[in-house]
Amino acid sequence: MRVGAERQSAAPIRWESQVLDGMLAQYGTVESCEQVNTETETAVVNVRYAAKDQARLAMEKLNASVMENYTLKVTYIPDETAAPEGPSPVGRRGYNSRGPPRAGSPGLGARPKAQSDIPLRILVPTQFVGAIIGKEGATIRNITKQTHSKIDIHRKENAGAAEKPITIHSTPEGCSEACTTIMDIMQKEAVDTKFTEEIPLKILAHNYYVGRVIGKEGRNLKKIEQDTETKITISPLQDLTLYNPERTITIKGTIEACGLAEKEVMKKIRESHESDMAAMNLQSNLIPGLNLNALGLFPSGPPGMGPSMPSMSPPGAYGGSPFGCPYGLEGPFGAPVPPPSSVSSQFLAGPQQSETVHLFIPALAVGAIIGKQGQNIKQLSRFAGASIKIAPAEGVDPKQRMVIIAGPPEAQFKAQCRIFGKLKEENFFGPKEEVKLEAHIKVPSFAAGRVIGKGGKTVNELQNLSCADVVVPRDQTPDENDQVIVKISGHFFACQLAQRKIQEILAQVQRQQQTKPSSGSQTPLPARRK
């Protein structure tokens, strides 16, 4: 962990070791405290704690705090020399998502993206399954050996169905090689059996990622078709059921062309998944006590995607919808709905007071959020435990509409997360474009100065920490409740962190107000001596 103090005057910063040691010792056992420099504009000290959770606690508590009139900036330095131990690979990625994989880490091999979290799933005609398996399984064994992959043929699923799913676990290159080999086998079997119909490549993809494969106005899909000389179609949303959250991407062309298209389609899906996971890991560290897995941010995958998948819930549990998933039921906004008991009641420290946030979305997206006969917005409201309303349109041709969300912090997080995800899924933002929205929260006019800070210091630090744009418009006229608006713009995690930090400031102001004597009361005078 690195602690830096910004110089507030021309004189060099001098650390008082006793003060510094006492401050650091509050959060755990300090193994070393190395002073890097004190003569420049920022004094820097490298601190090593005995345990990672101690370092994280110190980082959370000390960052942006003040010691002897110096503002502290704390950053985490991953220990690349440490041997792998107790914490899981997920915890490691949370702190070191960009660093090189450590030797011996589970699931990390020498090849890039080894055993991708997103396997390749394809549909094959049932009559070709025997040829793919081969006599006594010889053919499928050869494929797995040559491509360094694990292949599951789900023969028992959908008895009597014309097609069977196959799941391929490997590196992206291994998946593509196995897929091409299977297509070659099917083509040869078709010739031998005089099967005259075209055999397209059919890829199964979770609906959560399909929007990003298609791209805004279908641009991504069109480019893949042009670059690979294939024809690609995607099954309609209406085909999704409680037991099938996947859509079928059908690719027609030569075997070589279909192989190239498969690489591009799966590349988009894996990039989307990795981007979402990186954002989730970052937010897990920034907001203490937040269980993102329990909140159901991202889709649980199809069978065989790893032991971390939640167990199957009974149909209809927790308000399942047409976008449901039997591997962890989903709501209409593309992420699994967890059981109410699985979400920690301690979302953040402190009482769960209700908050109101005004979130602005594209006007064209209102229908997708509301759903047919209001079904989507009702289910979202039930899932999040929040009141969610769409404000009436303002002006002749409004480009944005206001969504009014009222509920405690956990409800705000869940509701806003699903809305951001829905906008991405429905292609209201480009394939490489982050969903960035503007949120407004109202604060008491007397507290606006605390949000801004002296010379804008607090709001600048808030923007640096959260990566959101935070603006308290000047010359605002307070409303009838003596409140003014704070505007927050950015991607989902940035907006959430900024909202939480602002609420912390407001809670602190409220506590200070409560400790002050009321204006009508007077301090009692001491009794006169007689």
Original post:
Do the conditions hold for residue 416, that is, is it touching a residue at least 12 places away in the same chain (Cβ under 8 Å), open to solvent by 50 Å² or more (accessible area, probe 1.4 Å) and outside any loop (DSSP other than H, G, I, E, B)?
Top reply: no
**OP:** Could you identify the single residue in 463, 513, 522, 499 that is modelled with pLDDT of 90 or more and of a type in the set (S, T, N, Q)?
**Re:** 499
Original post:
What are the residues in segment 24-42 that are over 33 Å from the mean Cα position of the chain (by Cα), open to solvent by less than 100 Å² (accessible area, probe 1.4 Å), at pLDDT 50 or above and of a type outside the set (A, V, I, L, M, F, W, C), if any?
Top reply: 32, 42
**OP:** Evaluate segment 469-482: report whether one residue or more is open to solvent by 60 Å² or more (accessible area, probe 1.4 Å), part of a strand (DSSP E or B) and out of contact with any Pro (no Cβ under 9 Å at 6 or more places or on another chain).
**Re:** yes
Original post:
Within the set of pairs 6 or more residues apart or between chains, which connect a residue that is more than 26 Å from residue 256 (Cα to Cα) inside segment 227-245 to a residue that is at pLDDT below 70 and open to solvent by 60 Å² or more (accessible area, probe 1.4 Å) with Cβ atoms less than 8 Å apart?
Top reply: 240/322; 241/322; 242/315; 242/322; 243/315
Original post:
Is there any pair with a first residue in segment 356-379 that is among the polar types (S, T, N, Q) and a second that is part of a helix (DSSP H, G or I) and open to solvent by 40 Å² or more (accessible area, probe 1.4 Å) whose Cβ atoms are under 8 Å apart and which are 6 or more apart or on different chains, and what are they?
Top reply: 376/370
**OP:** Please determine, by comparing only the residues of segment 450-459 that are in contact with a strand residue (DSSP E or B) (Cβ under 9 Å, 6 or more places away or on another chain) and surrounded by 13 or more Cβ atoms within 10 Å (Cβ to Cβ), which one is farthest from residue 498 (Cα to Cα).
**Re:** 450
Subject >> Complete set of residues in segment 445-468 that are within 21 Å of residue 358 (Cβ to Cβ), in a helix (DSSP H, G or I) and among the small types (Gly, Ala, Ser) >> reply: 445, 447, 448, 466
**OP:** Please specify each residue of segment 164-173 satisfying the condition of being crowded, with 18+ Cβ neighbours inside 10 Å and of a type outside the set (Ser, Thr, Tyr).
**Re:** 164, 165, 166, 168, 169, 172
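The values are calculated or read from the model by the stated rules, or taken from the named source; none is laboratory data. Please read these numbers as outputs of a predicted model, since none were measured by experiment. All Cβ positions, glycine included, derive from the backbone under ideal geometry; neighbour counts span all protein chains shown. With ligands, DNA and RNA removed, areas are computed over all heavy atoms of the protein, side chains included. Shrake-Rupley method; radii C 1.70, N 1.55, O 1.52, S 1.80 Å.
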